[in-house]
Amino acid sequence: MGPMEPTRPQPSDSSQQPSRVAVAGASGLIGAALTRSLAAEGHEVVRLVRRAPRTAAEVRWDPKAGRVDTAGLAGCTAVVNLAGAGVGDRRWTDAYKREMYDSRVLGTKTLATAVASLDEPPRVFVNGSAIGYYGTTGDRAVDESAPAGEGFLPSMCVDWEAAARPAQDAGIRTVFARSGLVVARSGGAWGRMFPLFKAGLGGRLGNGRQYWSFIALRDEVAALRHLLARDELSGPFNLTAPTPVTNREVTAAMGRALHRPTLFPAPAPALRLVLGEMAGDVLGSQRVLPARLLESGFAFAHPTVDDAVRAALRP
């Protein structure tokens, strides 16, 4: 194993033994990759679904109605909540902002309440969150000690994390995974950029000086596994590579990896016209550092944007 390989979870009680892990949001980009990783190492994965279960490995829940089949969670040593309507999936109408908010906040409250009610609760509850917590930071680098920003995304992230209080009050180790922009060839915001750049239609967004805090999909999964296994870790962790870069640098890295020109910038006014309120998130600058993750001994396999993009292009 090379020096830049992600650390394997450190032994902690029974963390190295096959375990039963429940995952909400298992069909999403990160959830699907995490469940594959867990299953490959012999862990039993239980997927929370909003329809009638088709197999014994599925548990029904209704996040908005506050219902979970808690019997299906029996024996789980860990519960991971990655459910939520995609931030970049649609234009931010008032109705879709409510959908994004409710799918996260109500879903988290439902699941946290369910795990807290179990006779034998899980050892750990890992709840999704996002670096949107910090709002726009400009050129200023921030870590987990920074306060929440202002605006829709920061407010949503604050309420999203607060909704896990039932699990915390029950004494369950609770972790908030504040993820950055996940670099993957398909899925997520980055996945929509690859076809454009591959066609030679990519370019910087706005002036290109805004910072993007990214993380390779492999590192995202490895970091989640690290947080699941280490019993001493709780609270917020930024899941971002240690080298945030500007959108101009992202554009150059994409061009290098795909061997394509990057001559088609998208002016800020055009982005605002097409994306509406979401353009503020695209044009905003977030320079976020994974201070607590690094302090805990985690090592990134793909710490630079060039590394992350090349990794995403591999089969």
In segment 108-207, which GluC sites (Glu not before Pro) are in a loop and have at most 14 other Cβ atoms within 10 Å, using DSSP for the loop call? 150
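Which shape class applies to segment 128-195: rounded if a/c is under 1.5, otherwise prolate when a/b exceeds b/c and oblate if not, where a ≥ b ≥ c are the square roots of the Cα gyration tensor eigenvalues?
It is oblate, given that a/c is not under 1.5 and a/b is not larger than b/c.
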Label points 7 Å out from Cα along the Cβ direction at residue 50 and residue 102: separation in nm? 0.9 nm
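According to the square roots a ≥ b ≥ c of the eigenvalues of the Cα gyration tensor, what is the shape class of the chain, taking rounded for a/c under 1.5, prolate for a/b larger than b/c otherwise, and oblate for the remainder?
Since a/c reaches 1.5 and a/b is larger than b/c, the shape of the chain is classed as prolate.
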At 10 °C and a viscosity of 1.306 mPa s, what translational diffusion coefficient does Stokes-Einstein give for segment 79-166, taking Rh as the Kirkwood radius over Cα pairs? Give it in µm²/s as a whole number. 113 µm²/s
For the chain, build the charge dipole from Cβ charges (+1 Lys, Arg; -1 Asp, Glu) around the Cα centre, then report which of 136, 239, 191 sits farthest towards its positive end. 191
What accessible area, in Å² to the nearest ten, does a 1.4 Å probe give for residue 259? 150 Å²
Rounded to whole Å², per residue accessible area for the chain with a 1.4 Å probe reads 45 Å²
Label-point separation, residue 117 to residue 263 (7 Å along Cα→Cβ), nm: 6.2 nm
Quick calc, residue 186 & residue 70: beta-carbon distance into FRET formula, R0 45 Å, rounding 0.05, result 0.85
Sequence neighbours fewer than 8 away in the same chain don't count; with that in mind, list the lysines whose C-alpha is under 17 Å from residue 97. 64
Say each of residue 40 and residue 196 gets a label point 7 Å from the Cα, pointing the same way as Cα to Cβ; how far apart are those two points in nm? 3.0 nm
Relative packing of peptides 163-170, 94-101 - highest average C-beta neighbours within 10 Å first: 163-170, 94-101
If I build a Gaussian network model for the chain, linking alpha-carbon pairs within less than 10 angstrom, which residue out of 258, 106, 289 has the largest mean-square fluctuation? 258
Let's see if you can work this out: charge +1 on each Lys and Arg Cβ, -1 on each Asp and Glu Cβ, no other charges. What is the dipole magnitude of the chain about its Cα centre, in debye to the nearest 20? 1100 debye
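The values are calculated or read from the model by the stated rules, or taken from the named source; none is laboratory data. Keep in mind the model is a prediction, meaning the values are calculated, not measured. So basically every Cβ, Gly included, is an ideal-geometry build from the backbone, and we count neighbours across all protein chains shown. Each accessible area value is taken on the protein alone, full model and side chains, heavy atoms only, with ligands, DNA and RNA left out. Shrake-Rupley method; radii C 1.70, N 1.55, O 1.52, S 1.80 Å.
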